[in-house]
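A quick write-up on the structure given underneath.
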Amino acid sequence: MSAERFEKKETIDLRKRYIGPSCKIFFSHDPIKIVRAKGQYMYDEKGQRYLDCINNVAHVGHCHPDVVKAGAQQMELLNTNSRFLHDNLVLYAQRLQATLPDKLAICYFVNSGSEANDLALRLARQYTGHKDIITLENAYHGHVSSLIDISPYKFHQLSDAEQNQFVHVASSPDVYRGKYRADHPDPATAYADEVKDIISKAHKKGGKIAAFIAESLQSCGGQVIPPVGYFQQVAQHVRKAGGVFIADEVQVGFGRVGSHFWAFQLQGEDFVPDIVTMGKPIGNGHPMSCVVTTKEVAEAFMSSGMEYFNTFGGNPVSCAIGLAVLDAIEKEDLQGNALRVGQYLTSLLEKQKEKHLLIGDIRGRGLFVGVELVRDRLKITPATAEAQEVIYRLKEQHILLSADGPHRNVLKFKPPMCFTAEDAELVVEKIDVILTELEEALDLKLNNTLTVENESNKRKLLTDENGHSGVLHSKGSRQGSPQQSKRLRT
């Protein structure tokens, strides 16, 4: 079967005709038509290769042969629901649990990160008998209604949205841009005390806390690494109030942080969540996900009297693929690769920070790294338009990178785990050149301002790579200010 059935223009026209307009596309002014992928590379309809620094879903590499084979072989034999006995389900649950602390012993298999987080809220509310949820500023936990309510990253974009009365938002534990920064004597305690205050205020209004939910490392929020000790103290406050702690590992689990298999383990051995959710990398692109919790929470969920059944969750094909992903991580030492290459990438970026005033902060663990761009290091003024300029220029050089965070100014590295040191060198080399040109145009050392010299050389981009409104570019011009991007309501 041909990888391409239509010319690119016809594909674009058909997408506009049949696909919902709120479903945004990368690089909408000139979208990339991807027809195949392998490892850390994606290929367009003309055979042009792109280095993929975006896809944390293709965890062990695009179209990994062992994963593809495992799925195809099981599909030839059987695919059915989990009401029938099948060894793949219990084999996979056993393998997955072995990567987690003993307390986290019971699995529920579902099909997406959103399903996992939605089920986690149900588990928490049934176990505690409470309803209120504490979430973090700039958090994103999924696209279903229950999760939009606890995802400020989404609901803050809606001018007419009213925050759910049962949802409380705590400050993101960001020690670079947040309320309590790296120079604070104890930012972990300061941020945790804010959660304690939120609990107290909720109680005064008659609320009761069911759960605190947080990504173990914030992704859409801008690659935020919580200070060590924060989760332990938050868990203490939340459990004292009768709630549970939900760790969302959908973006960062399965060895991506390098030093540990799960990102919540970065906090220390003395921290264990009550519920862990996982998705994206679990099936290397196959739709599957999981919620793992304690026996106590699972038994309380059963006591409701309502059976839990998921038609596709834990099916034999999904579990065969999940097992193959775990095998690939282990056999190819991809967790070790994430540690080694991630450290090398971070060191290369730190050298660029010494060279480029636009780089305000480098942060991350393993192959989950953020580069925050700023116009002014003292004022930490977000360099939103400049970040988008970097993304677009990299795309022109066949490198795919994204930008996120509340100001869309954090360059995000979350590539397939087979990403190499040579890949890291290539990307950083290109970023170095782009930032050099931008800083010369911005004349950062002198006045931090730009005047537009060559109007004819500008091109207006309708949307940035994340589907939000774009910037004016001055390609090749030494003068010309990218305008600050504005968010669309999505």
Residues of type lysines that Lys201 reaches as a straight line, Cα spacing below 18 Å, ignoring anything fewer than 8 places off in the same chain:
Lys131, Lys240
From DSSP H assignment alone, runs of 4+ in the chain each adding -39500 (n - 2.57), the sum over residues rounded to the nearest 500 puts [θ] at 222 nm at -11000 deg cm²/dmol
So, with a 1.4 angstrom probe, what is the percent of accessible area on the chain that is carbon and sulfur?
51 percent
Which value, in Å² rounded to 10, gives the accessible area of Thr128 with a 1.4 Å probe and all protein chains present?
20 Å²
Ranked from the most accessible area to the least, with a 1.4 Å probe and all protein chains present, what is the order of Lys412, Lys46, Lys69?
Lys46, Lys69, Lys412
Binning every alpha carbon pair distance of the stretch 259-347 at 10 Å from zero, what are the percents per bin?
13, 33, 36, 14, 4, 0
For the chain, what is the charge dipole size about the Cα centre, in debye to the nearest 20, if Lys and Arg each add +1 at the Cβ and Asp and Glu each add -1 at the Cβ?
980 debye
Please compute the per residue accessible area over the stretch 226-343 with all protein chains in place, 1.4 Å probe, rounded to a whole number of Å².
35 Å²
Filter Lys24/Lys395; Lys208/Lys295; Lys179/Lys295; Lys69/Lys295 down to the pairs with a C-alpha to C-alpha distance above 27 Å, please.
Lys179/Lys295; Lys69/Lys295
Kirkwood-based Rg to Rh ratio, the stretch 1-151, C-alpha trace:
1.02
Restricted to the chain, the DSSP antiparallel beta bridge percent, nearest 5, is 70 percent
Two-site FRET efficiency, Thr11 against Glu396, from Cβ-Cβ distance with R₀ of 25 Å, rounded to 0.05
0.75
Too-long pairs where the Cα-Cα distance tops 18 Å, listed order kept, from Lys8/Lys33; Lys9/Lys280; Lys8/Lys46; Lys353/Lys379
Lys9/Lys280
Ranking by accessible area, most exposed first, for Leu411, Leu339 with a 1.4 Å probe
Leu339, Leu411
Select from the stretch 86-157 those trypsin sites (Lys or Arg not before Pro) which occupy a DSSP coil region and have at most 14 other Cβ atoms within 10 Å, ordered by residue number.
Lys103
Tell me the per residue accessible area of the stretch 1-138 using a 1.4 Å probe; a whole number in Å² is fine.
57 Å²
What percentage of all Cα-Cα pairs in the stretch 199-289 are separated by more than 15 Å?
62 percent
Based on the alpha-carbon gyration tensor of the stretch 138-232 and its eigenvalue square roots a ≥ b ≥ c, which shape applies: rounded if a/c is under 1.5, prolate if not and a/b is larger than b/c, or oblate?
oblate
I need the chymotrypsin sites (Phe, Trp or Tyr not before Pro) found in the stretch 13-116, filtered to DSSP loop residues with at most 16 other beta carbons within 10 Å of theirs.
Phe84
By accessible area of protein heavy atoms, probe 1.4 Å, what ranking do Phe231, Phe155 get, highest first?
Phe155, Phe231
So how long is each side of the chain along the principal axes, counting just the alpha-carbon atoms, biggest first, in Å?
70, 60, 44
Quick test of the membrane-span-like rule: which DSSP H helices of the chain reach at least 20 Å along their long axis (C-alpha atoms) with mean Kyte hydropathy at least -0.5?
316-331, 421-442
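The values are calculated or read from the model by the stated rules, or taken from the named source; none is laboratory data. None of the values given here were measured: they were computed from a predicted structure. Heads up, the Cβs are rebuilt from the backbone with ideal geometry, glycines too, and the neighbour counts pull from every protein chain shown. Just the protein is used for accessible areas: all its heavy atoms, side chains included, with ligands, DNA and RNA removed. Shrake-Rupley method; radii C 1.70, N 1.55, O 1.52, S 1.80 Å.
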